[in-house]
There are 2 protein chains.
Amino acid sequence: MSHMRYCCLMAVDRDHVLRTAAALLTRKSTATMDEVAKAAGISRATLHRHFAGRDALVRALESLGIAECESALDAARLDEGPARDAVHRLVREIEPAAGLLAFLYTENQLFEGEQQNIGWARIDDRIAALFRRGQQSGEFRIDLSPVWLTEALYGLLGSAAWVVAEGRVARNDFTHMIVELLLGGALRHHTTGQREES
Amino acid sequence: MSHMRYCCLMAVDRDHVLRTAAALLTRKSTATMDEVAKAAGISRATLHRHFAGRDALVRALESLGIAECESALDAARLDEGPARDAVHRLVREIEPAAGLLAFLYTENQLFEGEQQNIGWARIDDRIAALFRRGQQSGEFRIDLSPVWLTEALYGLLGSAAWVVAEGRVARNDFTHMIVELLLGGALRHHTTGQREES
DNA sequence: CGCATGTGAGACATTGATGTCTCATTATGG
DNA sequence: CCATAATGAGACATCAATGTCTCACATGCG
């Protein structure tokens, strides 16, 4: 504690600003710097002191999103146990970041001159590796590529975050909805006469 | 003056402009009116003669998206045969519009003062009704609500359109990827018929 | 208490997109 | 061939967001 400096209100909680901005931009991706500042309870000037500009803010959000994603990946221990359980843990751990990820997912198109891209690539690889492990262990079907399964997971995370935010489904169902659909699909599998062929 | 009948057929192909704009905005949702005009091969002035402003353009795209969606819904004959086959037909029919839908899906947040909203609601209802029919017929599991299945379908359509546009999966796999994941899930099931070979 | 720091409020110029206008050009149809 | 109409090019004002700046205020610290 001795190394912490106690000043005035002490350098506006950067993390709080980022999370508020994430929550706002998730709902309204075109929100103004002024709106972001008001949402965070600070002035535009102060916001601009902490983040050089809108670009820097979005970059910071991207870094936050990557960090939270990797934390979730670590916490989910993707290498341990059945792959299906690892997927379940992953979705559970990543849920709090789903909104932010959904925002970044749509905003990323703007960053063609990538740089943080390596962070996303690393995350993609770790998730794809999980699906690949599940395929090799015989748990997952092999006609759906790990790349597609990874992307589909992103899409489902975004859809679920959206529909929960809209209040059209209960927040508690978040993990169940995604995991059950992603792993089991919409079809009933215990009924007789099930046939799958196209 | 009798309104323009069939005078100079120079009349810029409105549909072509819309589809070009859709393609561009799908890739870069912040594209300028000038960029849209250039992409469509017309001048900004002409673009502005046909669409009062950016708002009007996006509205027109929304109408186009709704129309294409409803055409797909009609062509898929959702009421006929097994629900799972209807889902397959739906995805196949809706594929060409997936990019446009993905764009509108993210852009819709801006339309809080809805008006076209009724169009989307009607589409939502028709798709949700399909999933409900599948549940009642015993084909689909009942622990995943039609609302969620509908939203999940949108998410998967968007993800698939994106990953195909990125060139990370083959365009030919579009329908298969979505239908198999949405209906069957990633898990291998020990039921008859599921593709598990090589 | 006085100093330093961080903040809020607001003025200001800048930038980029937009909407509107005019005018010349081209193509169409009678 | 001529009148009409649609287009392209560009000038122009407008507007909103941004980035930068100054100044006053509050609070922590010596």
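Output yes when any residue across segment A:132-148 is touching a Ser or Thr at 6+ places or on another chain (Cβ under 9 Å), of a type in the set (A, V, I, L, M), surrounded by 18 or more Cβ atoms within 10 Å (Cβ to Cβ) and at pLDDT 95 or above, and no when none is. No, that holds for no residue.
Taking segment B:30-99 and the helices (runs of 4 or more DSSP H) fully enclosed by it, the elements with 1 or more residues that are hydrophobic (A, V, I, L, M, F, W, C), open to solvent by less than 70 Å² (accessible area, probe 1.4 Å) and within 16 Å of DNA strand D (Cβ to nearest atom) are at B:33-40, B:44-50, B:54-76. Checked against (1) more than 8 Å from DNA strand C (Cβ to nearest atom); (2) closer than 20 Å to B:Ala97 by Cα, B:Gly41 meets all criteria but (2).
The values are calculated or read from the model by the stated rules, or taken from the named source; none is laboratory data. Here the structure is a predicted model, which is why all the values come from computation and not from measurement. All Cβ positions, even for glycine, are placed from backbone atoms using ideal geometry, and neighbour counts span all protein chains on display. Areas reflect the complete protein model, heavy atoms only, side chains present, ligands, DNA and RNA absent. Shrake-Rupley method; radii C 1.70, N 1.55, O 1.52, S 1.80 Å.
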